[in-house]
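Below is one structure, written out as structure tokens; the observations come after it.
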Amino acid sequence: MDSSVPPHSSEPRPRRRDRHGRGMRGPVAPPQVPLSASRADSFRDLVQDSVERLERRWPQLAEVDFVVLDVPTTGEETVPLGSALSAEKERPAQIVVYRRPVEIRTKSRDERALLVHEVVVEQVADLLGLSPESVDPRYGQE
């Protein structure tokens, strides 16, 4: 008995073009446009801008690691916006800024930039044993 239907191949068939325009779309914006940056990337940029601003006045901050984490791991009642850890034998000093608690407390990018800078200044002041006003004279005025 001869069958006119060819046997089914186990190899995948080549993809055909999307005839109705409902297929996968390309990126919304090219990578160099700010729209394509994620919220986490733009938050890291805010922290980096704040750190660079402070490093001009405090060169010893070049040896401090600045880290951005999404949320704190502590189970405290109040949620911290940042934390500072002193240097130990095998680990340099570290300042952590928590992204989600800061984002929740701000409505716009400008507010977020101000709050990020305040958090970084407060943690640097804590690490150096100084007041925030001595770390950045404009602290609390913006």
(request) Go through Arg100, Arg105, Arg39 and list them by solvent-accessible area, largest first, probe radius 1.4 Å. (result) Arg39, Arg105, Arg100
(message) Rounded to the nearest 10 Å², what accessible area does Leu69 have for a 1.4 Å probe in the complete protein model?
(response) 80 Å²
(request) Compare Ile95, Ile104 by solvent-accessible area with a 1.4 Å probe and give them largest first, with all protein chains kept in place. (result) Ile104, Ile95
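Keeping every protein chain in place, order Glu90, Glu76, Glu55, Glu63 by accessible area at 1.4 Å, biggest value first, i.e. largest first. It would help to have the intermediate numbers written out before the result.
On the way: Glu90 180, Glu76 115, Glu55 60, Glu63 145 Å².
These residues rank, largest area first, as Glu90, Glu63, Glu76, Glu55.
The values are calculated or read from the model by the stated rules, or taken from the named source; none is laboratory data. If you're wondering where the values come from, they're calculated on a predicted model, not measured in any experiment. Accessible surface is based on the protein model in full, side chains and every heavy atom, while ligands, DNA and RNA are left aside. Shrake-Rupley method; radii C 1.70, N 1.55, O 1.52, S 1.80 Å.
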